[in-house]
1. Using the 10 angstrom Cβ neighbour count as an exposure proxy, how do Asp369, Asp128 rank, fewest first?
2. Test of understanding: in a Gaussian network model of the chain with alpha carbons linked when under 10 Å, which of Leu285, Leu243, Leu51 would top the mean-square fluctuation ranking?
3. Using alpha carbons only, how many angstrom separate the centre of the range 295-350 from the centre of the range 273-288?
4. Need the list of aspartates and glutamates near Lys340 for cross-linking: C-alpha distance under 18 angstrom, and skip anything on the same chain fewer than eight residues off.
5. With a sphere of radius 9 Å drawn around the Cβ of Gly44, what net charge do the other residues whose Cβ falls strictly inside it have (Lys, Arg +1; Asp, Glu -1)?
6. Mind pulling the per residue volume of the convex hull built on the Cα atoms of the range 1-140? Å³ is fine.
7. Which of the GluC sites (Glu not before Pro) across the range 260-345 are loop residues per DSSP, with 12 or fewer other Cβ within 10 Å?
8. Report the normalised scattering of the range 162-311 as log10 I(q)/I(0) at q = 0.12, 0.18 Å⁻¹, calculated by the Debye formula with identical scatterers on the alpha carbons.
Amino acid sequence: MSNLLSPEELKRYSRHITIPEFGVAGQEKLKQAKVLVIGSGGLGSPLLLYLAAAGVGHIGIVDFDTVDDSNLQRQVLFTVDDVGLPKAEIAEQRLQALNPFIKVTVYNTALTSENALDIISEYDVVADGTDNFPTRYLVNDACVIAGKVNVYASIFRFEGQASVFNYLNQDGTRGPNYRDMFPEPPPPGLVPNCAEGGVLGVLPGIVGSIQAAEVVKVITGVGEPLVGRLFTIDVASFETRTLKIRKTDVQIKELIDYDEFCGLKEEKKAIKEISVQEFESWKNLKKDFHVIDVREPYEYEISNLGAELIPLGEITNHLDKIPRDKKVVVHCKMGGRSAKAIEALEAAYPFDNLYNLKGGILAYAKEIDASLSTY
């Protein structure tokens, strides 16, 4: 019997309890645990579902994003009825419906250097499901300073990886952290995120489940967590590798400006922008301007604005195709790649007639033409 688990909970978690190495003691540890999940998207969806189902007593969710149509290909927490609603709040509803014996706390806000330590300090374990380098380094550094275990995972296209950082060893020392593996972030724009590079829809389910398993192992002491090891998987070939991570002498004493650290605050020439409403007005007034789409050919086939297609990776090889005697609107899916294209073009030649379509083709579909296919 258990003083912490009700008869209903003992029945619910019976498949855990019958595992000899797990038992009632392991389930009680889950009941008493507090786990903070950063992000409720691709990785966060399976991670949160399995932590809730496993019986983690208190789950915190940090996410300020809203549900988008393009999320539904992989973020299994959400449905079409949730589009436009706050992810963290919808996630809370789903988890409470799945397991009424747990507590869920929502932080519908961005994690920043100002609030990270206050939020993280309330939890035992942090699970990082973010998709950008500034937040990834922020989570790591806050966990090191606060003395919390950071269960890490990331995904891209067909590949995923997972590890357990800042683990408290029996001798009181801490295992390697993210900065032992990657002391410095890659140059801005070198590594695209999932929105720019894509991700196989089932991959977050695989890697997020691995991440959930590591959280359970850390809490219960069952098994051997991925401490000092990086697990990688390529689902295209289904090859897996486990790489060793060596602890270095990196010192983390305070939180910093992570946008600046990741090179996202460099002084740049301001890029001219045009809203989708202005763009439509130019079209209706039959103004003389040129439009360039810097997405990939497969994206263009799904949906396009009739622009000239020059993928971002090829843009500087086609300077001759870009007029200099009229305004040129450059667009992509959401505005990020087109901004990079304009930066590259203006660095290669003194263009002064380039305009970034703010929000890209997604904004155009949302604000101007709802019949346009999105992805």
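What follows draws every value from the coordinates through simple rules; no lab data is involved. Remember, predicted model here, so these are calculated numbers, not experimental data. All Cβ positions, glycine included, derive from the backbone under ideal geometry; neighbour counts span all protein chains shown.
1. On the way: Asp369 13, Asp128 26.
Going from sparsest to densest Cβ surroundings: Asp369, Asp128.
2. Leu285
3. Using only Cα atoms, the two centres lie 17 Å from each other.
4. Candidates past the 8-residue exclusion: Glu196, Asp259, Glu260, Glu266, Glu267, Glu273, Asp293, Glu296, Glu299, Glu308, Glu314, Asp352.
5. Details: positive: Lys87; negative: Asp63.
It works out to a net charge of 0.
6. Working: hull volume 15.9 nm³, N = 140.
Looking at the range 1-140, the number lands at 114 Å³ per residue.
7. On the way: sites: Glu260, Glu266, Glu267, Glu273, Glu278, Glu280, Glu299, Glu301, Glu308, Glu314, Glu343; in loops: Glu266, Glu267.
Hits after loop and neighbour filter: Glu266, Glu267.
8. Debye intensities relative to I(0), on a log10 scale: -0.81, -1.26.
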